[in-house]
Each structure stands twice: as structure tokens, then as C-alpha cells.
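The structure appears right after this line, and notes come after that.
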Amino acid sequence: MLKKLKSVSSSVAGRARDGASKASDSVRSKAGKGDQYLVALDIGTEFVKALIGKVSDDGNTVEIIGVGRAHQALTDMQAGAISDIAGVVENCDKALNEAEQQANVSVRTAIIGIAGELVKGTTTTIRVVRKQSTKPLDIAEMEKIINLVQNRAQEKAKQQLAWELGGKEVEVRLVNSALVSIEIDGYPVTNPIGFQGKDVVIQLYTAFAPMIHIGALEKTAQELDLDLLAVAAEPFAVSRAVIGNNTNQSLSAILMDVGGGTTDIAVVNEGGVQGTKMFGIGGRAYTHAVERDLGVDFEEAEELKVGLSNNKVPAQRRPAIEAALGKTADVWLGGIELALSEFTKLDHLPHRLFLCGGGSSLDLLMHRLEDSKWHKNLPFTRKPTVHHIRPEQVAGIVDHTGKVNDHTYITAMGLLRVGMDTMQFGAGGESIRDKIDKMLST
């Protein structure tokens, strides 16, 4: 059965609606009582994307049946985080209603992505020496170990945020948790329950986000009259999209989501998420560079930037645009190098780079990753290869609309994947027992 978190608040009667959105009331009764649906909201700096998915009877596949998209204003988001709740709610409403009209169904169970420089995701390794090595491991003992790892990771996230914010204390909340690996007396296992042994070494990926950012998303869901199934760190969602449950368990790759305000990076090693990093350079930084260097307004700068990739810019203007974009690209590559240099626990970095997000549509970025020497000071065993993630690579998600046709929808598809996992194995906020069941099954 579908497990839902309680609505954030019952004080709001329903979704804020304009005249066009009222039309969706007529399709509200179309959902069958036995059907399960999900809506994924990718609230990006530049666009809100909404995907409505129908979950298969066995819970292993989601069919996309509705797609919606709405443009964000310049002041709605800052560095990947909501800065104007009312503006974002209005844009989400537009995207949701477009998706509902296509799907011919109104959906309330939602998974929402969270991003931004203050979302901290890392893999923590802990070694536990058991006093009773001949006693088989059980759920109760695993609960204690998982709690210990999560608490340690939470303190680390709070300390890191305090350092970045000049000593300011920030409350954080766990948004995602996934087992990377488990070893018992040096022997790798996929499910530790029932094993004997003295030394238990666990690697656990955890992502924490500031409560102020989570609160803004919860308020947005409340205003939209959505039941919030889960909040997911977007780089984790991208990794779930690519890894899936069983198809890519040996995958090693660097996944990069280049959005409008941030670049989110996930490093996956042999099917396990080693960590996620985010920094505040995305597509809008390139637009602002053109705006500043060429002395044009933001809208014209955006047209010039996009026109560079689709050959709609006059030849005489190309050098100046390329020079403006190139300077920002150099800073962006420096941010990638700095982020990847922090993965010190890996002997070497995966040599495959997979990109997604609207910001990665800029040809210049792909060319710089392929042609420059940004990787020389990092532990790569060979020159990295660079590709876009294609929708057909996303495990367990099938598009029936024909609209999900490029790399800009990968994050939203990943959110559907996380939502499907959560429905199948238990929602975040459930007991540690449920979390262990979920983690051992993903």
C-alpha cells in the first residue's frame, strides 16, 4: 500500500488556482481507486518541471503520463533554493496543471527535489567491533549501528555549515540515506542480517539540508495541496535514476546536474554513491557574464547565449560572446576540480562523466570538459569521457508522452525513481527499521 506522510498543514484549503487551473477539477475523478500515481516536482532556478507518473502494479516501473513546465522569475530562486515562496507556488501550479491536463488525472502524492550549496551529502565510514562475534547480526543491532552513523554524519554536516556561514548554527534534517557497502570481517555482504563476525564496517551515504530550505519546500507543497511523500537531494535523485535497483550495480561515474543556479555533482563508485557536492555556478552565471560584458539586458543576453549553440547569433558577435562565456567556464571548471578534489577516500575517480540539466545544453561546457586540462591534477587513471544522460538510460521510468526527450528532464525522472523507491520500501520519517529495509533493498 502507498505510504504517505501527513500533510504539512491542514490550514490551507487547497491549491492556489487561477481561471485556467480550475479546469483540472473536471479530471479529478478520473483516477481509479486502485491506481497509484506520483508527481515529481523539480523546482529549478530557471524552470519548474512536473512529471506525473503511474506506478505499475508490481511497483517496479513508473509510466510518465503527464509533463508540465513553467518558467521562473529572476527573483524566485537564489543559488538553487527558494527565495520567493509565492512566486514559486504560482509557477509550480502552472506546471502541475499542464501535466494534469495531459495526464487527465489530478495527483496529490508528491516528491520534491532539494538543491543548493547548503545541501550536504557525504559517505561516512564507521567500524564497529562486536563483543559477541558469534551472535548473528539482527535488525535491532543494525538499528543501533545505522543510528550511530547517521548521528555522526549529521554533526559533521552541521559543523561544515557552521564553518561556511561564519560560525552560525544551522538546524539540518536528513533527506536521503543509502547503504554504500557493508563488510563483515573483511567480507563484503549485501544484507548483513544473520551473519556472524567481529568487525563490521559500514559505508552510509547521507544527505542533510537546512531546515529553512526544507520548510520552504513543505510550505510550497502545503500551498499546492500536495501530500509530501519525500524530499530528495537532487544529485542523489540523479544517481538513483542512473543506478536503478539492479541494472547498474557496478556503475562507476561522475554525474553532473548543471541547473540554472547551481552545479550538483554525485560520484558513484561500483553502484554506491560516494558523496555529493554542489556549488553556485549554473546557466544563469553564463547569462549574467554576457549581460555584463556586452552591456545588454538579461533577456537579450539569454538569447545570445542560447543562440551561440544553435547558430542563430551573427558571426561578428560570436567572439565577444565566446569570450564572456569562456571566463565563466574557467571559474566553473575550477569549481568542479575543487569539488572532486574532496573525494580523498577514493584511490581514483571514475573516468566517465554524465551530464544533465538545462545548463549543460551549452555546447561550450561540453567542449571545455572534453578539451581542456582541468582533470590533470585529479586522480583520474585516464582522460574522462563526457556524455549527456539520456532519458532511456533511466531505470524503471518509461515515458508515454513523447515530451521527455532530452537530458533536461533527468532530475525530474530521478525524483520519480526516488518516489517509487519510497512507496515500495517506506517513506523518509519512518522508523529506523523501515529505513534499513529500504536501504538493503536499493
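The values are calculated or read from the model by the stated rules, or taken from the named source; none is laboratory data. All values reported here derive from a predicted model rather than from experimental measurement. Don't worry about glycine lacking a Cβ; one is built from the backbone with ideal geometry, like all the others, and counts go over all protein chains shown.
Scan region 58-105 for residues that are small (Gly, Ala, Ser), more than 18 Å from Gly116 (Cα to Cα), at pLDDT 90 or above and in contact with a helix residue (DSSP H, G or I) (Cβ under 6 Å, 6 or more places away or on another chain) and the total you get is 3. None of Lys30, Lys54 is charged (D, E, K, R), at pLDDT 75 or above and within 23 Å of Gly402 (Cα to Cα) except Lys54.
Scoring Arg417 on the criteria (1) in contact (Cβ under 8 Å) with a residue 40 or more places away in the chain; (2) farther than 17 Å from Phe236 by Cβ leaves a single failure, condition (2). Is it the case that some residue within region 151-174 is closer than 25 Å to Val268 by Cβ, of a type outside the set (A, V, I, L, M) and crowded, with 19+ Cβ neighbours inside 10 Å? So far as region 151-174 goes, no, none of its residues is closer than 25 Å to Val268 by Cβ, of a type outside the set (A, V, I, L, M) and crowded, with 19+ Cβ neighbours inside 10 Å.
Against the test of being under 21 Å from Val242 (Cβ atoms) and touching a helix residue (DSSP H, G or I) at 6+ places or on another chain (Cβ under 7 Å), the options His375, His348, His407 yield a single qualifying residue, His407. Among the residues making up region 196-228, a single one is aromatic (Phe, Trp, Tyr) and out of contact with any helix residue (DSSP H, G or I) (no Cβ under 6 Å at 6 or more places or on another chain): Tyr205. State which residue pairs qualify: first residue over 13 Å from Leu364 (Cβ atoms) and inside region 301-314, second residue acidic (Asp, Glu) and buried (at least 19 other Cβ atoms within 10 Å of the Cβ) in any location, beta carbons under 6 Å apart, and separation of 6 or more residues or different chains. Between residues of region 301-314 that are over 13 Å from Leu364 (Cβ atoms) and residues that are acidic (Asp, Glu) and buried (at least 19 other Cβ atoms within 10 Å of the Cβ), the close pairs are Ala301/Glu291.
Out of region 205-235, which residues are acidic (Asp, Glu) and either modelled with pLDDT under 90 or under 16 Å from Glu117 (Cα atoms) (or both)?
Filtering region 205-235 for residues acidic (Asp, Glu) gives 218, 223, 225, 227, 234.
Matches in region 205-235: Glu234 only.
Would you be able to tell me the number of residues in region 309-352 that are polar (S, T, N, Q) and more than 25 Å from the chain's Cα centre (by Cα)?
Of all residues in region 309-352, those polar (S, T, N, Q) come to 309-311, 316, 328, 341, 344.
With more than 25 Å from the chain's Cα centre (by Cα) added as a condition, the list becomes 309-311, 316.
Matching residues across region 309-352 total 4.
Conditions (1) under 22 Å from Gly275 (Cβ atoms); (2) assigned by TED's automatic domain parsing to the domain that holds Ala232; (3) in a strand (DSSP E or B); (4) among the charged types (D, E, K, R), marked per residue:
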position	(1), (2), (3), (4)
Ala140	no, no, no, no
Gln154	yes, no, no, no
Arg173	yes, no, yes, yes
Ala178	yes, no, yes, no
Pro188	yes, no, yes, no
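Candidates are the residues of region 265-301 that are assigned to a strand (DSSP E or B) and touching a Gly at 6+ places or on another chain (Cβ under 8 Å); the one that is surrounded by the fewest Cβ atoms within 10 Å (Cβ to Cβ) is Phe279.
Contact annotation: residue pairs with Cβ atoms under 9 Å, 6 or more positions apart or on different chains, pairing a residue in region 323-334 that is assigned by TED's automatic domain parsing to the domain that holds Asp293 with a partner that is crowded, with 18+ Cβ neighbours inside 10 Å and of a type in the set (S, T, N, Q), are Trp332/Thr263. Filtered by the rule that a residue be in contact with a helix residue (DSSP H, G or I) (Cβ under 7 Å, 6 or more places away or on another chain) and not aliphatic (A, V, I, L, M), region 300-316 gives Glu302, Lys305, Ser309.
Consider region 190-200 and keep the residues that are of a type in the set (Val, Ile, Thr) and not in a strand (DSSP E or B). The one that is farthest from Val129 (Cα to Cα) is Thr190. Val386 meets the conditions (1) part of a helix (DSSP H, G or I); (2) under 25 Å from Val306 (Cα atoms); (3) of a type in the set (A, V, I, L, M) in every case but one. The failed one is (1). Would you check if there is a residue in region 245-253 being closer than 25 Å to Ala70 by Cα and of a type outside the set (A, V, I, L, M, F, W, C)? No; the residues of region 245-253 include none that is closer than 25 Å to Ala70 by Cα and of a type outside the set (A, V, I, L, M, F, W, C). Of the set (1) touching a residue at least 60 places away in the same chain (Cβ under 8 Å); (2) polar (S, T, N, Q); (3) in contact with a strand residue (DSSP E or B) (Cβ under 8 Å, 6 or more places away or on another chain), all apply to Gln154 but (1).
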